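S.K.: Attaching a single structure in structure tokens format; questions to follow.
Bear in mind that the values in this text are calculations on the coordinates, not laboratory data. Small disclaimer: the values here were computed from a predicted structure and weren't measured. Here the Cβ is made from the backbone with ideal geometry for all residues, glycine too, and neighbour counts use every protein chain on show.
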Amino acid sequence: QVHLLESGGGQVQAGGSLKLSCVASERTFSTGAMGWFRQAPGEERDFVAAIGWAGGGTYYAHSATGRFTISRDNTKNTLYLQMNSLRPEDTAEYYCAAGKAISGYEGDYDYWGQGTQVTVSS
């Protein structure tokens, strides 16, 4: 059974921080790469960040570079996204995903969580 469960979303003022977590089943986590995507109302789902199995390889969307940090704890089967200097345009549903390789393309990810809402007010 595949499970990805996100948490940590909420409402924050612009300039604030949030840390998202995604707990995965061991089988899901062992597939390799993990990623974060987000989808704002009426918009397509966009790539945010991805990380390889060993954690040394990371890849960020331009909008996330310098503000967000993706990390993983393989001993806890948990993926994280530290988000700093949040902006109203970061408001979206955030999804974690599992795939075989680091990629910014959602089609390269096999498993998806249900999402956690992040709302940034101005």
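S.K.: Over the chain, what is the relative contact order in whole percent, taking alpha-carbon pairs under 8 Å and six or more residues apart?
M.R.: 36 percent
S.K.: Out of region 19-122, which GluC sites (Glu not before Pro) are coil in DSSP terms and have no more than 11 other C-beta atoms within 10 Å?
M.R.: Those satisfying the criteria are Glu43, Glu44.
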